[in-house]
C-alpha cells in the first residue's frame, strides 16, 4: 500500500475560488471584505508569513492592510490601535501576527480584538464557543485540516482519532472540532508515556508536535489517514514534518506532505473566515438581501 497524498494546494485553490465568488457577491452589495494585520517587531519568519497572507487576500479580492510596530512599542499602544480597528466598519477581520515580543502581554493584546473580528479564532469567546460547537471563527489550522478531510471524503464519524500535540493553536481545537463530528478522540502530548500504544489505534492520526520524524512507520496502523501539521527545518535546510513521510506513506491510506499539505490551508482559512465576517456585517446592513445568504 502506498498512501494517496492530500494536496493542500489543490484544496486551498478550491476554497479560495469559492471565496472569490463570495467576495464578488459582497462587492455587489457595497461591502469589500477587509483584513487588518498587526505585526510587532522585525521577526523575519513573521514577515514572510504576513506577506503570504497579504498575497492570499489579494488573490480573492480582499482589502488587506498591515500595521507594523517597532519591537519597543508599548503594549497599550498596540491595544489602542486594535480598539480603533474594532470600530472601523471597513475592517472585518483583525489578525495579530505571533509571536509578539517577549516583554509584551500577548493575552492582553489578543483579548483586545473584538470577538466579531477575531478571524484567527484565538479570542476567549471563540475558544469557549468552540467547546459548544458555536464558534464564529474556527482556528485556521484545525479548520484547514477539517477541510482537507472533507475534500477527500474521508469519514470522521465513529472513527478513532489520535491528535499528537496539545497546543491551544492546533491540538486542543482540533480535538474539539473532530469530537463535534462524532469522532472518538484521544489527545497525546509531551508527557504521554509510550506514544506508540495510542497512535497505533488511530484511524485518523493528526500530528502537531513540532518534532521531526516523531512518528515512525511501526507507530501507524495499516490503512490509517495521517495528517502532518508539523513543520521543522533541519540543519541541512530541508523542511520536514513530524512524520517519517517516506516510511509512513508505505502503510497509510492517505497522508499530507510537508511542505504542501496543511500549510497552504492555514492561510486560506484565514481568508475564508474574513469573508464570512464580512458576510455577517453585510447581512446586518442589508437583512433583506437573499443573495448574501450563501452559507
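The values are calculated or read from the model by the stated rules, or taken from the named source; none is laboratory data. Keep in mind that what you see is a predicted model, and the values were worked out from it rather than measured. Methodologically, a virtual Cβ is constructed for each residue, glycine included, from the backbone with ideal geometry; neighbour enumeration extends over all protein chains shown.
Restricting the search to the range 146-181, which residues are in contact with a helix residue (DSSP H, G or I) (Cβ under 7 Å, 6 or more places away or on another chain), more than 13 Å from residue 262 (Cβ to Cβ) and in a helix (DSSP H, G or I)? Correct list: 173, 176, 177.
Yes/no matrix, rows are residues, columns are (1) in contact with a strand residue (DSSP E or B) (Cβ under 9 Å, 6 or more places away or on another chain); (2) in the same structural domain as residue 175 (by TED's automatic domain parsing); (3) over 28 Å from residue 54 (Cβ atoms):
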residue	(1), (2), (3)
229	yes, yes, no
232	yes, yes, no
237	no, yes, no
256	yes, yes, no
274	yes, no, no
281	no, no, no
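Among the residues of the range 182-199, those that are part of a loop (DSSP other than H, G, I, E, B) and either touching a helix residue (DSSP H, G or I) at 6+ places or on another chain (Cβ under 6 Å) or at positive phi (or both) comprise 182, 194.
All conditions but one from (1) more than 15 Å from residue 271 (Cα to Cα); (2) exposed (fewer than 15 other Cβ atoms within 10 Å of the Cβ); (3) out of contact with any strand residue (DSSP E or B) (no Cβ under 9 Å at 6 or more places or on another chain) apply to residue 13; the one that does not is (1). Under the condition of being assigned to a helix (DSSP H, G or I), crowded, with 20+ Cβ neighbours inside 10 Å and either under 15 Å from the mean Cα position of the chain (by Cα) or without any contact (Cβ under 8 Å) to a residue 60 or more places away in the chain (or both), the residues counted in the range 110-145 number 8.
Candidates 57, 19: the one that is part of a helix (DSSP H, G or I) and either surrounded by fewer than 14 Cβ atoms within 10 Å (Cβ to Cβ) or in the same structural domain as residue 101 (by TED's automatic domain parsing) (or both) is 57.
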